[in-house]
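Colleague: Okay, here's the structure, questions in a sec.
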């Protein structure tokens, strides 16, 4: 159900974001914001995290298939008036030496799972002089696998 802006319940702002399959050769199943260039600049996961950090809540996702190409529109809502201060985002940094020490007992042929096995390693990225970010993509498919 789409809500027209002039019929939206009082106290809420609504926005819609279009997503399309990424043209990435490394992640052909990735989704990016439609019309954003370059394609790898705003992937679905980062987009959802950033919108969530700004107080937007996902309301619905509507898939569209036109000419064999599937895109989808995500509808978000956000309170118009902030009633209380939001919680600061928590970070849990770890010294890289400590991580290496935790992994030292294991040989290179061991397999690793992340989270409950529902997180897929995406990449590492340097975020400062002495800060490395390890990125994961959560495996929560919007569309079920074909039989």
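The values are calculated or read from the model by the stated rules, or taken from the named source; none is laboratory data. What you see is a predicted model, and the numbers here were worked out from it, not measured in a lab. Here the Cβ positions follow ideal geometry from the backbone for every residue, glycine too, while neighbour counts run over all protein chains shown.
Colleague: Which of the numbered conditions does residue 24 fail, given that it passes all the others? Conditions: (1) touching a helix residue (DSSP H, G or I) at 6+ places or on another chain (Cβ under 9 Å); (2) modelled with pLDDT of 80 or more.
Modeller: So the condition that residue 24 fails would be (2).
Colleague: Here's a follow-up. Say whether the condition of being modelled with pLDDT of 85 or more and under 17 Å from the mean Cα position of the chain (by Cα) is met by at least one residue in region 101-120.
Modeller: no
Colleague: Out of the residues in region 46-88 that are assigned to a loop (DSSP other than H, G, I, E, B) and surrounded by 11 or more Cβ atoms within 10 Å (Cβ to Cβ), which is modelled with the lowest pLDDT?
Modeller: Checked region 46-88; the qualifying residue modelled with the lowest pLDDT is 55.
Colleague: Of the conditions (1) over 30 Å from residue 12 (Cβ atoms); (2) without any contact (Cβ under 8 Å) to a residue 24 or more places away in the chain, residue 88 clears all except one; give me its number.
Modeller: All conditions pass for residue 88, except number (1).
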